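Visitor: Could you have a look at this structure, given as structure tokens, before my questions?
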Amino acid sequence: MALQELHYTFRATEPQPFPLEWSHSGVVGSGDMEVMFERCMLDGEIRFKVVTPVRGFERVWEQVLGRFVNETNLADVSVEINDNNATPVVVLMRLRQALKEARKEAEG
């Protein structure tokens, strides 16, 4: 099965920096995904790289990722997602979970 790579860039309305230099959450498994965050200087942007075997859902990815950015205002971070057929609700849940874990870790 050939993988495709998708790239998206968003700008938060009220930019909030990622709380750690780097974070990893999840696993690549059937119907699941892993997500990696790396804090970067991106002038208030957030960049996503999605690697997925599923074709034809570019617009759905854009909508789900845009919703995450609108909810969190996360900025100045590069996000890599390695997907294995996760549904949109799982994608949003994993992103939220990964951010929550990073914030908790940053608090000590």
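The values are calculated or read from the model by the stated rules, or taken from the named source; none is laboratory data. Owing to the predicted nature of the structure, the values given are computational and were not obtained by experimental measurement. As a convention, Cβ positions derive from the backbone with ideal geometry for all residues, glycine included, and neighbour counts pool all protein chains shown. Side chains are part of the model used for accessible areas, which takes the heavy atoms of the whole protein and leaves out ligands, DNA and RNA. Shrake-Rupley method; radii C 1.70, N 1.55, O 1.52, S 1.80 Å.
Visitor: For segment 31-48, enumerate the residues that are in a strand (DSSP E or B) and either farther than 14 Å from Trp61 by Cα or under 8 Å from the mean Cα position of the chain (by Cα) (or both). Full working, then the answer.
Guide: Residues of segment 31-48 that are in a strand (DSSP E or B), as a first pass: 32-39, 45-48.
Asp32, Glu34, Val35, Met36, Phe37, Glu38, Arg39, Glu45, Ile46, Phe48, listed by residue number.
Visitor: Something else now. Residues of segment 10-63 being charged (D, E, K, R) and on the phi > 0 side of the Ramachandran plot, which ones? It would help to see each step written out before you state the result.
Guide: The initial filter retains those residues of segment 10-63 that are charged (D, E, K, R), namely 11, 14, 21, 32, 34, 38-39, 43, 45, 47, 49, 55, 58-59, 62.
If the condition is that a residue be charged (D, E, K, R) and on the phi > 0 side of the Ramachandran plot, then Asp43 is the only one that fits.
Visitor: When you look at Arg67, is it part of a helix (DSSP H, G or I), at negative phi and of a type outside the set (Phe, Trp, Tyr), yes or no? I'd like the intermediate steps shown before the answer.
Guide: Values: part of a helix (DSSP H, G or I): yes; at negative phi: yes; of a type outside the set (Phe, Trp, Tyr): yes.
Against the criterion (part of a helix (DSSP H, G or I), at negative phi and of a type outside the set (Phe, Trp, Tyr)), Arg67 qualifies.
Visitor: Hey, another quick one. Among (1) of a type in the set (Gly, Ala, Ser); (2) open to solvent by 40 Å² or more (accessible area, probe 1.4 Å); (3) more than 9 Å from the chain's Cα centre (by Cα), where does Ser78 come up short?
Guide: (3)
Visitor: Can you spot a residue in segment 81-101 that is among the small types (Gly, Ala, Ser), more than 17 Å from Leu6 (Cα to Cα) and touching an Asp or Glu at 6+ places or on another chain (Cβ under 8 Å)? Write out each step before concluding.
Guide: Within segment 81-101, the subset among the small types (Gly, Ala, Ser) is 86, 98.
Those left that are additionally more than 17 Å from Leu6 (Cα to Cα): 98.
Narrowing the set further to residues that are touching an Asp or Glu at 6+ places or on another chain (Cβ under 8 Å) leaves none.
No: zero hits.
Visitor: Suppose the filter is surrounded by 13 or more Cβ atoms within 10 Å (Cβ to Cβ), of a type in the set (Ser, Thr, Tyr), touching a Phe, Trp or Tyr at 6+ places or on another chain (Cβ under 8 Å) and closer than 12 Å to Leu99 by Cα; does Ser23 pass it? Outline the logic, then answer.
Guide: Details: surrounded by 13 or more Cβ atoms within 10 Å (Cβ to Cβ): yes; of a type in the set (Ser, Thr, Tyr): yes; touching a Phe, Trp or Tyr at 6+ places or on another chain (Cβ under 8 Å): yes; closer than 12 Å to Leu99 by Cα: yes.
Spelling it out, Ser23 is indeed surrounded by 13 or more Cβ atoms within 10 Å (Cβ to Cβ), of a type in the set (Ser, Thr, Tyr), touching a Phe, Trp or Tyr at 6+ places or on another chain (Cβ under 8 Å) and closer than 12 Å to Leu99 by Cα.
Visitor: Right, here's the next one. Could you list, in sequence order, the residues of segment 81-108 that are among the hydrophobic types (A, V, I, L, M, F, W, C), more than 13 Å from Pro19 (Cα to Cα) and open to solvent by 40 Å² or more (accessible area, probe 1.4 Å)? I'd like the intermediate steps shown before the answer.
Guide: Taking segment 81-108 and keeping what is among the hydrophobic types (A, V, I, L, M, F, W, C), we get 81, 86, 89-93, 95, 98-99, 102, 106.
Still in the list and also more than 13 Å from Pro19 (Cα to Cα): 81, 86, 89-93, 95.
If the condition is that a residue be among the hydrophobic types (A, V, I, L, M, F, W, C), more than 13 Å from Pro19 (Cα to Cα) and open to solvent by 40 Å² or more (accessible area, probe 1.4 Å), then Val89, Met93 are the ones that fit.
Visitor: Looking at Glu14, Glu58, which is the one that is open to solvent by 40 Å² or more (accessible area, probe 1.4 Å) and over 21 Å from Asn84 (Cβ atoms)?
Guide: On the way: Glu58 fails: over 21 Å from Asn84 (Cβ atoms).
None of the others qualify; the one that does is Glu14.
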